[in-house]
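Note sheet for the following structure.
The values are calculated or read from the model by the stated rules, or taken from the named source; none is laboratory data. This one's a predicted model, so the numbers in the text were calculated from it and none came from an experiment. Cβ atoms come from the backbone with ideal geometry, glycine included; neighbour counts cover every protein chain shown.
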Amino acid sequence: MTDGKVAIIQNKQEASSIAKKKLVSLLQEANYTIDQNDPNIVISIGGDGTFLSAFHEFEHKLDQIRFLGVHTGHLGFYTDWRDFELEELVSNLSNKQESSISYPLLDLQVKYRDQKAPKRFLALNEATMKRATRTMVADVYIKDELFERFRGDGLSVSTPTGSTAYNKSVGGAVLHPRINAFQLAEIASLNNRVFRTLGSPIIISDSEWLTISLEESSDYMVTIDRATIQHDDIEWISFKIADERIHFASYRHMHFWRRVKDAFIGEV
């Protein structure tokens, strides 16, 4: 018997709907309760994008919830199970054959010029800052000390699990998610005799923080994972490793570097 309460978040694909119907039946047979409001396990069905949606829906209860991903398409970085393995998944849940792991999250503080207190956000993958029509100019501070003045298309700040996403596409390093750090990557920086930045990704430890001070403007585009937040006149954005962590019900967690190899290299 179990007192487990499970919420299921799915995408709109037919394969995900079929998998959800089967999963609900299996969970109920194993005496789990389907509870979309107050779960202790959240299962996403779809891909990494669906998992991100599930995370943000329940990010206010991270200390009470473990997450699990089922993929109905290509292998994802957050989805350990295939849709044809649901019986094994539920069996492992019921038999307590699992080990839980946790990964770091990004804590963002966004300060608007017309507000006294900054707004706080959490990111599982990354945050990006760009300007709509002009070169972005920003001062980059590490632990309140000016490091560089950036000019270019924008900046990306990512978690270790997010290092394989947009960060990788702009030349960032791939970090193992057990490394409690975050990363700053430049997006098309301007580097010449007049303007100069480091031009390389920066890995920042959990004991340090990063602040991006922006020129006064109302056309900034700031994304947090898959969402675009209000981009009124932003004064600065600060980043650090969050006190909260995401906890995975890692019933059969694939080795991280094997997952990277399968996703980007394939068979050698």
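Structure summary
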read-out	value
Condition met for GLY46 (on the phi < 0 side of the Ramachandran plot and not charged (D, E, K, R))	no
Qualifying residue in segment 115-123 (condition: in contact with a helix residue (DSSP H, G or I) (Cβ under 6 Å, 6 or more places away or on another chain) and either within 19 Å of THR159 (Cα to Cα) or exposed (fewer than 14 other Cβ atoms within 10 Å of the Cβ) (or both))	yes
Residue in segment 245-266 that is surrounded by fewer than 18 Cβ atoms within 10 Å (Cβ to Cβ), touching a Phe, Trp or Tyr at 6+ places or on another chain (Cβ under 8 Å) and within 13 Å of LEU106 (Cβ to Cβ) present	yes
Test: residue in segment 60-67 that is touching a Ser or Thr at 6+ places or on another chain (Cβ under 9 Å) and among the acidic types (Asp, Glu)	no
Qualifying position, being crowded, with 16+ Cβ neighbours inside 10 Å, of a type in the set (S, T, N, Q), without any contact (Cβ under 8 Å) to a residue 24 or more places away in the chain and out of contact with any helix residue (DSSP H, G or I) (no Cβ under 7 Å at 6 or more places or on another chain), among SER163, SER94	SER163
Those strands (runs of 3 or more DSSP E) lying entirely in segment 187-247 with at least 1 residues at pLDDT 95 or above, within 15 Å of LEU155 (Cα to Cα) and outside the structural domain of ILE65 (by TED's automatic domain parsing)	202-205, 210-214, 220-224
Residue satisfying condition, being out of contact with any strand residue (DSSP E or B) (no Cβ under 6 Å at 6 or more places or on another chain) and surrounded by 21 or more Cβ atoms within 10 Å (Cβ to Cβ), within set PHE77, PHE84	PHE77
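Okay, residues lined up against (1) touching a Ser or Thr at 6+ places or on another chain (Cβ under 9 Å); (2) in a strand (DSSP E or B); (3) touching a residue at least 40 places away in the same chain (Cβ under 8 Å); (4) under 14 Å from ILE212 (Cα atoms):
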| site | (1), (2), (3), (4) |
| --- | --- |
| THR133 | no, no, yes, no |
| ASP139 | yes, yes, yes, yes |
| LEU155 | yes, yes, yes, yes |
| ASN167 | yes, no, yes, no |
